[in-house]
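Step one of this worksheet: look at the structure below.
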Amino acid sequence: MELDSLDRKAADAFDGYIVRKDLVRQFSRQFPVPTYVVEFMLGRYCATTDEAEIQEGLAIVQRQLSERAVRAGNENLIQSIAREKGQARIIDIISARLDSRTDSYVAELPSLKLRDVRISAELVTAHQRMLTGGFYAEVTLGYDPTIAQEKSGRPFGVDGLRAIQLSQRDVLEKMAQARGKLSTPEWKDFLLRSIGLEPAQLSERNKDAVLLRMVPFVERNYNLVEIGPRGTGKSHLFQQVSPYAHLVSGGKATVARMFVNNANGQRGLVCQYDVVCFDEVSGISFDQKDGVNIMKGYMESGEFSRGKESIRADGSIVMVGNFDVDVEHQQRIGHLFQPLPPEMRDDTAFMDRIHCYLPGWDVPKLKPEIFTDHFGLVSDFLSECFTQLRNQSRLATLQNRLFFGGALSGRDINGVNKTISGLLKLIHPAQDAEVSDADLEWAVRLALEVRRRVKEQQKRIGAAEFRNTHFSYTLGAEGVEKFVSTPELQSQGGIGDEPLEAGQIWTLSPGGQDEHPGLFRIEVAEGPGGGVRVLNKPVQQAFQESIRCAEQNLYARAMQLVGDRDPRAHEFSVQLRGFDAARSGAKTGVASLIALCGALLRKSVRGGLIVVGEVTLGGTIEPVHNAVSLAEIASEKGAKSLLLPVSCRRQLFDLSDDMATRLDIEFYQDAKDALLKALAD
């Protein structure tokens, strides 16, 4: 492997905490243990860039894993070694249970097929995760021949136990300090390498989706759903990378195991692990009818009641599943929560508790070239940092910097805030780190998108309370309101119903003798200076005329249109984008005027709106003679509403009933009336 610049920077910043990820894959294929177990061993002996030291460490790791990892069929051999030598050291999952008959704890070592191994109460108390499914550990297995002679004796016992996880507590300070030596893009790439993926093989969209998978590890009580194609590694992160995550295979769960066992008061998975992941979400089922309701209550508040007491826990809930069809088809036939079990898939109250719907279709299938051969953080170091980050919050970063639009409910804001906080913790592990506007906006847009995806599915089910899904945000008190959409909902061939950025507007040119009508988008940006500048080269004469009329109307009627703002103190840059064969942009003065005003006022026009009409230098609105044709074109393009001069009203009596019901047609009297009706509320 040839070191690149990121390898060299990482080796300098994280000396002793990195490992070559191709070595990890080499061993994880050889031995029946998770990735983090292999990395725990490699982290001891191979956390260096010196090739000679790596080779020496590899030999030690090979020997120890060969001796201690229990292969199928070797269980009798290990038991024999324990008997002959008095002890044997193994690496295995260890779990425990209380045997009420003898009032003692017994451990289970599945690889050795031992179900009744003696273990002290002190060891169980120190490692309570043994009681909720178990964890991987280095176990010293003892054998007592005297006890073997007793009736129902248990000769095997756990003499020693070392959990396979980092014991140091200052790892987060080391990570935060080292993070300062890498830029944000480098740090994101290094995080991806740390979980075994090569960022050079991923698009920015792919990277964002994988980083979202990490948020439940650093954010308490975070609820995430990921549904997508098979083979994208959805459960890998939750099974292989961190000992603080637990994978519930097949979705089968009991209330006692998940929450609390009423018989003995033993706390369940959500109390013992940072993340509980349900694999194959379509199969989620509980042994009790109220299981889903208990989980729903827990996902809302982080509390659950069993018996007399109310118990708090901070384990995040993750549900992963597969699509049997593609996303576009799924949206045509239903909604994106369809793969969930019946008691969840149409329950809008359950959906409302989901903070993030991760687009699994944005993660590529895991092919050999997508795995990295470069250095990444040792998994136990990374997972220990993640679990410590759960004790922090980044919401203070948002104070007086971020303002949400009116479409977000209280639960929306809570979900978005948790996602933003988690993403910022991932890319800025230092609590006092200064977060740039670019990093904050990246996190905000991603958080709004994944929460809006939940809201869109609620709207599809038909609940009227979820109809407003136009999520928006403003950065800074003087910032521009920006809208965030979910890419899978955007129409490729039409205008959709998304509000555009301030200063942008859809318009139809009515055409003329030499040109058919055509769809255009006018985009205006304002800044310091003066005048209006058209960026198109060459400038179409007809559009130049419309812009000149719009500019003069803006200057002459500034008080009516934009209040106390002085348009002469701003420079406007205008671009005309055509979406049909038409190119002239003729008779688009009203839309041009609204775009200029929108840029100055920093307000967006309503989503899905097309504006038609021309304004003269004197402020008169010119008549439009082909209103019916324009209405039909607007409908074909996916518009939701059409704003026309009031003089077109009589022409539209000829509009078909079908077209009239599909398109909301409004009329305006003058330029001010058009502006007020076009701007979003």
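The table below gives the values:
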read-out	value
Breaking point among (1) of a type in the set (S, T, N, Q); (2) farther than 30 Å from residue 581 by Cα; (3) not in a loop (DSSP other than H, G, I, E, B), for residue 546	(2)
Residue within the stretch 443-460 that is over 30 Å from residue 180 (Cβ atoms) and among the acidic types (Asp, Glu) present	yes
From the options 141, 114, 123, residue that is under 41 Å from the mean Cα position of the chain (by Cα) and on the phi < 0 side of the Ramachandran plot	123
Qualifying positions in the stretch 354-376 - of a type in the set (Phe, Trp, Tyr), open to solvent by less than 30 Å² (accessible area, probe 1.4 Å) and under 15 Å from the mean Cα position of the chain (by Cα)	357
Residue list for the stretch 460-482, restricted to those being without any contact (Cβ under 8 Å) to a residue 60 or more places away in the chain and buried (at least 18 other Cβ atoms within 10 Å of the Cβ)	482
Residues satisfying the stated conditions in the stretch 288-302, i.e. part of a helix (DSSP H, G or I) and polar (S, T, N, Q)	293, 301
Residue within the stretch 343-353 that is buried (at least 22 other Cβ atoms within 10 Å of the Cβ), hydrophobic (A, V, I, L, M, F, W, C) and within 19 Å of the chain's Cα centre (by Cα) present	yes
Odd one out for residue 647, checked against (1) among the small types (Gly, Ala, Ser); (2) open to solvent by 40 Å² or more (accessible area, probe 1.4 Å); (3) in contact (Cβ under 8 Å) with a residue 40 or more places away in the chain	(3)
Residue check for residue 328: of a type outside the set (Val, Ile, Thr), within 15 Å of residue 229 (Cβ to Cβ) and more than 19 Å from the chain's Cα centre (by Cα)	yes
The stretch 229-243, residues that are over 17 Å from residue 339 (Cα atoms) and open to solvent by 30 Å² or more (accessible area, probe 1.4 Å)	236, 239, 240
Residue satisfying all of: in the stretch 48-64; of a type in the set (S, T, N, Q) and either at pLDDT 80 or above or part of a helix (DSSP H, G or I) (or both); least open to solvent (accessible area, probe 1.4 Å) among these	64
Test: residue 196 is buried (at least 24 other Cβ atoms within 10 Å of the Cβ) and on the phi > 0 side of the Ramachandran plot	yes
Whichever residue in the stretch 309-328 is assigned to a strand (DSSP E or B) and more than 22 Å from residue 345 (Cα to Cα) and, among such residues, is least open to solvent (accessible area, probe 1.4 Å)	311
Residue match in the stretch 277-285 (condition: within 30 Å of residue 97 (Cα to Cα), among the hydrophobic types (A, V, I, L, M, F, W, C), free of Cβ contacts under 8 Å to residues at least 40 places away in the same chain and touching a Leu at 6+ places or on another chain (Cβ under 9 Å))	no
Candidate set from the stretch 155-186 (those that are open to solvent by 40 Å² or more (accessible area, probe 1.4 Å) and either assigned to a strand (DSSP E or B) or basic (Lys, Arg) (or both)); member that is nearest to residue 258 (Cα to Cα)	162
Hits in the stretch 525-547 - residues which are open to solvent by less than 20 Å² (accessible area, probe 1.4 Å) and more than 43 Å from the chain's Cα centre (by Cα)	546
Top-ranked residue of the stretch 582-630 - restricted to ones that are open to solvent by less than 20 Å² (accessible area, probe 1.4 Å) and without any contact (Cβ under 8 Å) to a residue 60 or more places away in the chain, ranked as nearest to residue 551 (Cα to Cα)	589
Residue selected from the stretch 553-581 under the condition without any contact (Cβ under 8 Å) to a residue 24 or more places away in the chain and not in a loop (DSSP other than H, G, I, E, B), by the criterion farthest from residue 614 (Cα to Cα)	559
Leading residue by the ranking (most open to solvent (accessible area, probe 1.4 Å)) among those in the stretch 68-78 that are in a helix (DSSP H, G or I) and aliphatic (A, V, I, L, M)	77
Residue tally, condition open to solvent by 10 Å² or more (accessible area, probe 1.4 Å), touching a residue at least 24 places away in the same chain (Cβ under 8 Å) and under 16 Å from residue 469 (Cβ atoms), over the stretch 407-448	4
From 225, 292, residue being within 25 Å of the chain's Cα centre (by Cα), among the β-branched types (Val, Ile, Thr) and open to solvent by 10 Å² or more (accessible area, probe 1.4 Å)	292
Test for residue 86: is it touching a residue at least 60 places away in the same chain (Cβ under 8 Å) and small (Gly, Ala, Ser)	no
Residue match in the stretch 187-210 (condition: outside any loop (DSSP other than H, G, I, E, B) and within 24 Å of residue 350 (Cβ to Cβ))	yes
Enumeration of residues in the stretch 377-402 that are of a type outside the set (A, V, I, L, M, F, W, C) and either modelled with pLDDT under 85 or buried (at least 19 other Cβ atoms within 10 Å of the Cβ) (or both)	379, 380, 383, 384, 387, 390, 394, 397
Which listed residue, of 495, 522, 505, is outside any strand (DSSP E or B), open to solvent by less than 40 Å² (accessible area, probe 1.4 Å) and under 19 Å from residue 633 (Cα atoms)	495
Residue match in the stretch 28-47 (condition: open to solvent by 40 Å² or more (accessible area, probe 1.4 Å), in a helix (DSSP H, G or I) and closer than 30 Å to residue 145 by Cα)	no
Count - residues of the stretch 262-287 that are part of a loop (DSSP other than H, G, I, E, B) and modelled with pLDDT of 75 or more	7
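Residues checked against (1) modelled with pLDDT of 90 or more; (2) under 24 Å from residue 32 (Cβ atoms); (3) open to solvent by 70 Å² or more (accessible area, probe 1.4 Å); (4) not in a helix (DSSP H, G or I):
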{"site": "66", "(1), (2), (3), (4)": "no, yes, no, no"}
{"site": "90", "(1), (2), (3), (4)": "yes, yes, no, yes"}
{"site": "96", "(1), (2), (3), (4)": "yes, yes, no, yes"}
{"site": "111", "(1), (2), (3), (4)": "no, yes, no, no"}
{"site": "125", "(1), (2), (3), (4)": "no, no, yes, no"}
{"site": "130", "(1), (2), (3), (4)": "no, yes, no, no"}
{"site": "139", "(1), (2), (3), (4)": "yes, yes, no, yes"}
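The values are calculated or read from the model by the stated rules, or taken from the named source; none is laboratory data. Since the model is a prediction, treat every value here as computed from it, not as a measurement. Ideal geometry is used to build each Cβ from the backbone, glycine not excepted, and the neighbour counts take in all protein chains shown. All accessible areas refer to the heavy atoms of the entire protein, side chains included, with ligands and DNA or RNA removed. Shrake-Rupley method; radii C 1.70, N 1.55, O 1.52, S 1.80 Å.
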